[in-house]
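The next block holds one structure in the form of structure tokens; read it before the comments.
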Amino acid sequence: MRDPDNPVHEELERLPKETLIELIKMYSRNWHTCDGLWFSGVEERYGTDKALEIDVNMWDVSSRLEAKRIKEILAIPDNGGLGAVLQTLNFMSWAAKCAYRVEKMADMALLTVTSCPPQEARLKSGVGLFACRPTFEVGFGNVARIIDPAVKVSCKYCPPGPHPPDSWCQWEFKVDR
């Protein structure tokens, strides 16, 4: 919906599709940067456990808000199914910066993250991995509940637990009707 008092909307509408896609990727990088900066600041001041506790709370709220907004913009119906849950994940703020693959079967899908900018940045800076599993259990679980509560999410593997060298984590999305 265009806001007549916001000239940015008109400028966005004039941009070519390729430029809009690059802007979306840049906004996703910015989202990851902001997420990482606040997490690092809290972690430095209060420790990893407190930072993770706050992170889980942030993801609990933000994932619900974002899933509801995506559902509204894309006109996803209630109980939209596994495909709608996966589609919503593709449009989440973080998604354009991460690399992941989805293997979809009839009533189940595996989402495997092959590039995780936050974990990769932590390794590069020497602070080590953090236990992100509870963050994504909450975030992915909220998306599934909002789009289709029959879709259940479970973690196959996630840091700091062991993971294959070619991926960071893997999540199962399964229809349970």
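Bear in mind these aren't lab numbers, they're just calculated from the coordinates by the rules spelled out. The shown structure was predicted, so the numbers you read here are calculated from the model rather than taken from an experiment. Heads up, the Cβs are rebuilt from the backbone with ideal geometry, glycines too, and the neighbour counts pull from every protein chain shown.
Between their Cα atoms, which of K71/K124; K50/K104; K71/K97; K17/K152; K17/K124 are more than 24 Å away from each other?
Values: K71/K124 36 Å; K50/K104 36 Å; K71/K97 21 Å; K17/K152 35 Å; K17/K124 33 Å.
The answer is K71/K124; K50/K104; K17/K152; K17/K124.
Decide, for the chain, between rounded, prolate and oblate: order the square roots of the alpha carbon gyration tensor eigenvalues as a ≥ b ≥ c, take rounded if a/c falls under 1.5, and otherwise choose prolate if a/b is larger than b/c, else oblate. Please list the in-between numbers first.
Details: a/c = 1.66, a/b = 1.13, b/c = 1.47.
Judged from the Cα gyration tensor, the chain comes out oblate (a/c at least 1.5, b/c at or above a/b).
Quick one: net charge of A99's neighbours, Cβ under 15 Å, K/R +1, D/E -1?
Numbers: positive: K25, R29, K97, R101; negative: E103, E120, D166.
Spelling it out: positives minus negatives among the neighbours equals +1.
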